């Protein structure tokens, strides 16, 4: 297991108010005009603590779930993987460890990608990370053998 401290230069915005108030949530937040900005602000504000929170809140089961997802994909080593809403890159890295042909991780929030990139570099993993919207992926049709989305559907 690799433990590392990430440098302060990784983008991290401090917010004074939650991205979604109780009043916002009592309505349909998916219809909000500024939904994209709010989602980005929310995930930017939690990027630094995201991995630790996943571990603690799941009692470390999030790592088990990722390993199981990779096993269930029944990979042969020739696959091109796209991990949508990849966050800090844990599932992308799990796929990479399965010795696939390529892994692309896509996330909406640059702060999450900053952590994914640093983690992959620290582990000498050649994973391509891109900022993008899961609703409009900038990829050619049939360019992936496996497409994953772990915690992007909430």
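Shape analysis of region 52-149 based on the Cα gyration tensor places the equivalent ellipsoid semi-axes at 19, 17, 13 Å, largest first.
Straightening the chain between residue 101 and residue 136 buys 10.2 nm, computed as 0.36 nm per residue apart minus the Cα-Cα spacing. Compared with the dominant Cα axis of the chain, that is its longest principal axis, helix 110-122 is turned about 30°. Taking R0 as 41 Å, what FRET efficiency do you get between residue 32 and residue 72 from their Cβ-Cβ distance, rounded to the nearest 0.05? Efficiency computed from Cβ-Cβ geometry: 0.75. If you fit an axis through the alpha-carbon atoms of helix 61-72 and take the longest principal axis of the Cα set of the chain, what angle between them do you get, 0 to 90°, nearest 10? Between helix and principal axis, roughly 40 degrees. Distance between the C-alpha centres of region 112-132 and region 53-73: 19 Å, rounded to the whole angstrom. Listed by Cβ neighbour count within 10 Å, with the fewest neighbours leading, 139, 91, 52 appear as 52, 139, 91. Among 113, 72, the order by Cβ neighbours within 10 angstrom, fewest to most, reads 72, 113. Among 104, 153, 81, 117, the order by Cβ neighbours within 10 angstrom, fewest to most, reads 153, 117, 104, 81.
Throughout, read-outs are computed from the coordinates displayed, never taken from laboratory work. The structure displayed is predicted, hence computed values, not measured ones. Because the Cβ atoms are built from the backbone with ideal geometry, glycine has one as well, and the counts that use them run over all protein chains shown.
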